[in-house]
Amino acid sequence: MIDRLRPWLPAIAWMAAIFVVSHQPKSGLPDFQTWDLLIKKSAHFLVYGLLAVLIARTGVRWSTVLLLTIAYAVADEWHQTFIPGRSGSLPDVIIDALGGVAGLFTGRLSGRKTVRSASEEPVTTRSRE
């Protein structure tokens, strides 16, 4: 059982980190003044890109990676609706999803095969192409 869970631990830990940050009330978040929107939306993109990479390292299909990444983004935005001063946002889910797609492409372009298509077996070794 623990061996099957082990590949998921980094993704689960990252999801927990996202949850902790999302659970902060608006008053507890930094204000980057002029750069606030750009920094926070870039953070959404990068955080969910990394989440997709961590999920992909488990060996699941790319479609499953995207489904799980987007589902977590939706759940995160819904969770924020219960936090004082925060709200859920469809544009944030879209940015998160785009970050997930970018994370998948970045993983593929880096030469490390971590995502499989529907017809492939999971491969997690560096390719020699």
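Amide H contacts of Gly88 (H built 1.01 Å from N, in plane; Pro and chain starts excluded): Thr81 sit under 5 Å, all sequence-distant by 5 or more or on other chains. Extension gain for Trp78-Arg6 works out to 23.1 nm (0.36 nm per residue, less the C-alpha to C-alpha distance).
Between Leu38 and Ser63, full extension at 0.36 nm per residue minus the direct alpha carbon distance yields a gain of 6.2 nm.
Ranking Trp35, Trp8, Trp62 by solvent-accessible area of protein heavy atoms (1.4 Å probe, all protein chains present), from largest to smallest, gives Trp35, Trp62, Trp8. Contact order for the range 45-109, expressed relative to its length and based on alpha carbon pairs under 8 Å spaced 6+ residues apart, stands at 52 percent. In this simple spin-label approximation, Leu98 and Ser22 carry label points 7 Å from Cα along the Cα→Cβ vector, and these lie 1.9 nm apart.
The values are calculated or read from the model by the stated rules, or taken from the named source; none is laboratory data. This structure is a prediction, so every number in the text was calculated from the model and none was measured. FYI the Cβ positions are ideal-geometry reconstructions off the backbone, even for glycines, and counts take in every protein chain you see. The protein model used for the area step is the full one, side chains on, heavy atoms only, and it has no ligands, DNA or RNA in it. Shrake-Rupley method; radii C 1.70, N 1.55, O 1.52, S 1.80 Å.
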